[in-house]
Amino acid sequence: MIPALQNPADAQRVFDALGVLVVVLDGHGRITDMNAAAQRLANVAREALIGQPFAAAFLWGGADDAGHRLGDALAAAGDGMCRTLTLRADDHWLDLTVAPLPSVEGAEPGLVVTGVDAGRRIRAEKDARDREDRLRTAKEEAKRANRSKANFLAAASHDLRQPAQSLTLFGALLADRLRGHAQMPLVHSLNQAVEALRALLDALLDVARLDAGIVVPEPAPFPLADLLERLRADYGPRAYGKGLRLHVRPTGAWVHTDAALLERLLRNLLDNALKYTGVGGVLVGCRLRGGVLRIDVVDSGVGVPTDRLEDIFEEFVQLGNAERDRARGLGLGLAVVKRLSRLLGLPVTVRSSPGRGTRFSVEVPMHIASQPAPAGRTWSDLDGDCGLALLIDDEALILESLRMVLEQWGWDVLAAPSGEEALRLLEGAERLPDVIIADYRLRHSRTGVEAIRDVHALLGTPIPAIVLTGDTNPDRIREARLSGFAVLHKPVTLTELSTQLTTVRTRPMVAAD
């Protein structure tokens, strides 16, 4: 019996009533006593266990090092230290504590082993690991699905952008040459169809660029009035054309964020408001809340059911447009809003009443104005003496349409289907090109960036260059941006091309790394 207990019978009842295993050992690790819980686990008469080594008596199994771990714990307890470990006794798992027995005068030194069933804990931990594994697997599958979707969209978008680029340029040339002709309405309809295709591809590109992480915000203080005035000027006629009113409340507030990205976000909200409003109008206004300005875009449109408010920010979701009427958008505008909101750190919220309208709100940090607003950028028009352009594109239609556009603007043109052919043309040229325009993806796994750098190496000077790309794959977009050259995304409009040509010709020529 345990020496400290004065009444042996009472002590034994308490000892046996304990819900945990208790085994008393002598200094050599042999059993001297145990309670009923330990005896039930061993399933052997108490008398047969007395004097047996602890490990042998309880048939420890499990890992090969279990006996060594138990021996180490017993040795440490013999030196006066407690040890805890988890071992398996037959088909049971136990959390054990091995400790020195409190010394009593006249009694032999000993050890005490206590244990509790670890099965429930181990099962709970296994269940938790299984849940984590399933969650990890689900996340990996979701990532694979997203990568597969992104790769598919990138490939499809790239292949569609090639003919769309030719259609855009040829359509613009045709409209210019047939101005006043009886067939102009047909040309106008053709260009409207091309513009619809371009809108879809541009929306896909916006999503891809934001997902690629290549859009870097440049926050700065600016007055909101100029941005709101541009929105009023651009969207007022659109609203009037639908029989709607657009009211933009003026403000003198300054805010601190990326002006261009905030404007894109608000334009997407206005596009959405006008598409889904048939009667009434749209209001753009601001409310000050502490140090934050809340910009509201409020419409009197069809509204959104409460249980679908989150869904509208997902790609290609269009409530009430099951027939996929392209006049009512593509279902990507609010997906871009969601990504811009996250990128800029500007919370976007939505409240709506079906049949009565919707309010989108954007919270923007305020800034106290200390200087006048910077002047907007202006672009000079291209004159008739533009210089020599080197074009590199392996798509014959795009190469021909670019050549025709530039020649109509007054450029001399060298057109090459590959980087190697461009180098051969330059060897016989009488002057250096003033600009290089190259498609990013060329044949034989070559890129336009490599072709441009080969030209730079041949001529010994960094000629200004523009890279055209039809890719929406985030990795390809990032590679093109990191080249250091100007990048335009197909299909490129004449305005975008002329603006970029003006920009690169006035920019200092610095070689890209």
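Please verify whether Asp234 is of a type outside the set (A, V, I, L, M, F, W, C) and either under 22 Å from Lys275 (Cβ atoms) or modelled with pLDDT under 85 (or both), treating the condition exactly as stated.
yes
Could we say that Ala36 is more than 57 Å from the chain's Cα centre (by Cα), at pLDDT 80 or above and of a type outside the set (Val, Ile, Thr) here?
In short, yes.
Test Glu430 against the criterion of being modelled with pLDDT of 85 or more and either open to solvent by 50 Å² or more (accessible area, probe 1.4 Å) or not hydrophobic (A, V, I, L, M, F, W, C) (or both), and give yes or no.
Against the criterion (modelled with pLDDT of 85 or more and either open to solvent by 50 Å² or more (accessible area, probe 1.4 Å) or not hydrophobic (A, V, I, L, M, F, W, C) (or both)), Glu430 does not qualify.
Among (1) at pLDDT 85 or above; (2) open to solvent by 100 Å² or more (accessible area, probe 1.4 Å); (3) within 25 Å of Ala38 (Cβ to Cβ); (4) not small (Gly, Ala, Ser), where does Arg136 come up short?
Result: Arg136 passes all but (3).
Checking the condition modelled with pLDDT under 65 and over 30 Å from Asp226 (Cα atoms), which residue from Gly410, Gly384 passes?
Only one candidate qualifies: Gly384.
Please go through the range 442-469 and pick out each residue that is more than 21 Å from Gly410 (Cβ to Cβ), within 29 Å of the chain's Cα centre (by Cα) and crowded, with 21+ Cβ neighbours inside 10 Å.
Across the range 442-469, the qualifying residues are Leu442, Gly448, Val449, Val467, Thr469.
Scan the range 67-99 for residues that are open to solvent by 40 Å² or more (accessible area, probe 1.4 Å) and in a helix (DSSP H, G or I) and report the count.
Number satisfying all stated conditions: 6.
Out of (1) crowded, with 18+ Cβ neighbours inside 10 Å; (2) at pLDDT below 90; (3) of a type outside the set (Asp, Glu), the odd one out for Ala196 is which?
In the conditions (1) crowded, with 18+ Cβ neighbours inside 10 Å; (2) at pLDDT below 90; (3) of a type outside the set (Asp, Glu), Ala196 misses (1) alone.
Pull up the range 466-502, narrow it to residues that are hydroxyl-bearing (Ser, Thr, Tyr) and out of contact with any strand residue (DSSP E or B) (no Cβ under 7 Å at 6 or more places or on another chain), then point me to the one that is modelled with the lowest pLDDT.
Among residues in the range 466-502 that are hydroxyl-bearing (Ser, Thr, Tyr) and out of contact with any strand residue (DSSP E or B) (no Cβ under 7 Å at 6 or more places or on another chain), the one modelled with the lowest pLDDT is Thr472.
If we scan the range 363-372, do we find a residue that is open to solvent by less than 30 Å² (accessible area, probe 1.4 Å), closer than 18 Å to Gly301 by Cβ and either at pLDDT 70 or above or in contact with a strand residue (DSSP E or B) (Cβ under 6 Å, 6 or more places away or on another chain) (or both)?
No, every residue in the range 363-372 fails to be open to solvent by less than 30 Å² (accessible area, probe 1.4 Å), closer than 18 Å to Gly301 by Cβ and either at pLDDT 70 or above or in contact with a strand residue (DSSP E or B) (Cβ under 6 Å, 6 or more places away or on another chain) (or both).
Pairs only if they're at least six apart or on different chains, beta carbon under 6 angstrom, first in the range 387-398 and part of a loop (DSSP other than H, G, I, E, B), second open to solvent by less than 20 Å² (accessible area, probe 1.4 Å); list them, first residue then second.
Asp393/Asp439; Asp394/Leu442; Glu395/Gln162
Among the residues of the range 277-286, how many are modelled with pLDDT of 90 or more and open to solvent by 50 Å² or more (accessible area, probe 1.4 Å)?
Counting residues in the range 277-286 that are modelled with pLDDT of 90 or more and open to solvent by 50 Å² or more (accessible area, probe 1.4 Å) gives 1.
Please determine, by comparing only the residues of the range 470-502 that are open to solvent by 10 Å² or more (accessible area, probe 1.4 Å) and polar (S, T, N, Q), which one is farthest from Phe170 (Cα to Cα).
Only one residue tops the list, namely Asn473.
For the list (1) under 22 Å from Leu197 (Cβ atoms); (2) at pLDDT below 85, I need the number of the one condition that Asn272 fails.
The failed condition is (2).
Provide a single number: the residues in the range 237-264 that are assigned to a helix (DSSP H, G or I), surrounded by 15 or more Cβ atoms within 10 Å (Cβ to Cβ) and at pLDDT 90 or above.
Adding up the residues that qualify gives 2.
The values are calculated or read from the model by the stated rules, or taken from the named source; none is laboratory data. Just so it is clear, the model here is predicted, and its values are computed rather than measured. Glycine also receives a Cβ, built like all others from the backbone with ideal geometry; neighbour counts cover every protein chain displayed. The protein model used for the area step is the full one, side chains on, heavy atoms only, and it has no ligands, DNA or RNA in it. Shrake-Rupley method; radii C 1.70, N 1.55, O 1.52, S 1.80 Å.
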